[in-house]
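All of the numbers you see were taken from the coordinates with simple rules; none came from a lab. Source: prediction; values computed, not measured. Glycine gets a Cβ as well: all are built from the backbone with ideal geometry, and neighbour counts include every protein chain shown.
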Amino acid sequence: MSPAATPLAGKTVCLDPGHPSENGVGARGKRISEVRAAWLVALQTRDLLVADGAAVVLTKKTERELVTNRRRARIANEARADLMVRLHCDAASASGTSTYYPDRAGRSGGVRGPSRSVIERSAVLARRFHAAMMDRLQGALADRGVLPDTRTYIGGRQGALTGSIFSRVPVLLVEMAVLTDPRDDAFLASPSGRRRMALALRDGVRAALLEAGGSV
Ligand SMILES: [Zn+2]
């Protein structure tokens, strides 16, 4: 295939379907659970990124495998991923899609991180990623914006999310939808909605890892 057909050739992406972890099994909608939605979307996104020429590493082998967030970060580090994308769903009195990134170092398990360079790179990639993802999701899911880890419960206490603290590669976390919102829940429960989310994540990775003009 021509280079244009495989725009992500030479890139490595770590896809991290959230939960089960030390933080439990996550949110539950009436129609689909967070762990199920993240797993199914991760598999589809992997296939799309592989078709783009990327090497893709998943942090779990099966949907129900329990992996700590520290271990998930280490899998991305060992793969020397160009980007780690963590897939989650929210439970909140809101709806839509948000992207979180570390904007400062935090502390967990006696470790301080991530590094300044990871913070700077994550901030840049999160903005490019989120804008492209929301283009694809426009009209289906509301845009909740690009937010620092400190706006999450755990990130607010630690300074950054655990998966960010242990990451030595650029890292972002996508709250794909709010499963306590009936429309968001129905979106991710439907095969067409999950397909669109996978395409949106693929678009986001492309925008994050390919500089303007397609050069790398
Ligand atoms: Zn979660």
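Of note:
- Residue pairs whose Cβ atoms lie under 6 Å apart, sitting 6 or more positions apart in sequence or on different chains, and linking a residue in the stretch 24-43 that is more than 17 Å from ASP181 (Cα to Cα) and in contact (Cβ under 8 Å) with a residue 24 or more places away in the chain to a partner that is among the small types (Gly, Ala, Ser) and more than 12 Å from the ligand (Cβ to nearest atom), are VAL41/ALA198.
Residue-wise test of (1) in a loop (DSSP other than H, G, I, E, B); (2) in contact (Cβ under 8 Å) with a residue 40 or more places away in the chain.
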site	(1), (2)
ARG86	no, yes
ALA92	yes, yes
ASP103	yes, yes
GLU120	no, no
ARG127	no, no
THR150	no, yes
SER167	yes, yes
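- Condition check for ASN77: under 14 Å from the mean Cα position of the chain (by Cα) and farther than 20 Å from GLY204 by Cβ: no
- Scan of the stretch 105-118 for residues that are surrounded by fewer than 22 Cβ atoms within 10 Å (Cβ to Cβ) and either basic (Lys, Arg) or assigned to a strand (DSSP E or B) (or both), ordered by number: ARG107, SER108, VAL111, ARG112, GLY113, ARG116
- Check on GLU63, within 15 Å of the ligand (Cβ to nearest atom), surrounded by fewer than 18 Cβ atoms within 10 Å (Cβ to Cβ) and acidic (Asp, Glu): yes
- All positions within the stretch 56-84 that are in a helix (DSSP H, G or I) and among the polar types (S, T, N, Q): ASN69, ASN77
- Those residues of the stretch 23-51 which are over 18 Å from the mean Cα position of the chain (by Cα) and away from the ligand (no atom under 16 Å from the Cβ), in sequence order: LYS30, ARG31, ALA51
- Matching residues in the stretch 121-138 - criterion: being surrounded by 16 or more Cβ atoms within 10 Å (Cβ to Cβ), of a type in the set (D, E, K, R) and within 16 Å of ALA198 (Cα to Cα): ARG136
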